[in-house]
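Novice: Before I ask anything, let me first share the structure, which is written out below as structure tokens.
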Amino acid sequence: MHNTLDYYNLNADKFVASTLQVDFEETQKKFIEKLDKGAFILDFGCGSGRDTKYFLDNGYKVDAVDGSKEMCRRASEYTGISVKNMMFTELNVKEKYDGIWACSSILHLTKDELENVMNKMTTALKPNGIIYASFKYGNFSGERNGRYFTDMTEETFKELIKKTDGAALEEQWITSDVRVGRGEEKWLNVLVRRG
């Protein structure tokens, strides 16, 4: 994980430049349609703060966290809220959030860490709360371009959810990368509901 954090700390400006203005509204809307107006969202691995700002601008209450200190600084400046520097494994609250947004973030965990963190995320949700997460599509696990990734397919994610107490898979869909020149890259998007 340290190489991944180093990558984001060293490349924060470049990463923000490549993601901040990306139009992600179709997926953002799909998520907030599952929530009541003004619901409490955790942006879990908020990166540039793009999605946090979208949720705030649409009347939602948001906590934003990221493991990279440099990303936290930039996201705080962009969103106008204090973004907490925190590792995914440090999530330790019960029934606090209506929704957790983990866009291209928890994919940096190993499979064992993912099991642990998915359980922590489910615990952090209020009953009937919803998680959105996205993963690069495939079966690869390991370092790629200086960062660690655990890719997912429909089948491997279903196996992960079986190990997550109190969580049920609500929907999965595949999208192309929305960044310029990256359209050939496929992503698995998932919505998970706490019982």
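The values are calculated or read from the model by the stated rules, or taken from the named source; none is laboratory data. As the structure is a prediction and not an experimental result, all values here were calculated from the model. Here Cβ is always computed from backbone atoms with ideal geometry, including for glycine, and neighbour counts include all displayed protein chains. Just the protein is used for accessible areas: all its heavy atoms, side chains included, with ligands, DNA and RNA removed. Shrake-Rupley method; radii C 1.70, N 1.55, O 1.52, S 1.80 Å.
Novice: Of the residues Gly129, Gly142, Gly99, which exhibits the maximal mean-square fluctuation in a Gaussian network model of the chain defined by a 10 Å Cα contact cut-off?
Specialist: Gly142
Novice: Net charge near Ala75, counting Lys/Arg +1 and Asp/Glu -1 over other residues with Cβ under 14 Å of its Cβ?
Specialist: Within the 14 Å Cβ shell, the charges total -1.
Novice: Can you list which of the GluC sites (Glu not before Pro) found in segment 1-79 are DSSP loop residues with at most 16 other C-beta atoms within 10 Å?
Specialist: Answer by residue number: Glu33.
Novice: Moving on. Of the trypsin sites (Lys or Arg not before Pro) in segment 19-79, which ones lie in a loop per DSSP and count no more than 11 other C-beta atoms within 10 Å?
Specialist: Of the trypsin sites (Lys or Arg not before Pro), the ones in loops of segment 19-79 whose Cβ has at most 11 other Cβ atoms within 10 Å are Lys37.
Novice: Heavy-atom accessible area per residue, segment 1-137, 1.4 Å probe: how many Å²?
Specialist: Roughly 45 Å² per residue, with all protein chains present.
Novice: Give the relative contact order (percent, whole number) for segment 101-195; include only Cα pairs under 8 Å separated by 6+ residues.
Specialist: Here the relative contact order equals 33 percent.
Novice: Relative contact order of the chain, please, whole-number percent, based on alpha carbon pairs below 8 angstrom and at least 6 residues apart.
Specialist: Relative contact order for the chain comes out at 19 percent.
Novice: Determine the relative contact order of segment 7-92: mean sequence separation of Cα pairs under 8 Å and six or more apart, normalised by residue count, in whole percent.
Specialist: 28
Novice: Here's a follow-up. Counting only DSSP beta bridges with both residues in segment 77-195, tell me the antiparallel percent, nearest 5.
Specialist: Rounded to the nearest five, the antiparallel share is 75 percent.
Novice: With a sphere of radius 11 Å drawn around the Cβ of Ser105, what net charge do the other residues whose Cβ falls strictly inside it have (Lys, Arg +1; Asp, Glu -1)?
Specialist: Net charge in that neighbourhood comes out at -3.
Novice: Further, regarding this structure: Run through segment 82-140 and list the GluC sites (Glu not before Pro) located in a DSSP loop whose Cβ has at most 16 other Cβ atoms within 10 Å.
Specialist: Sparse-neighbourhood loop GluC sites (Glu not before Pro): Glu95.
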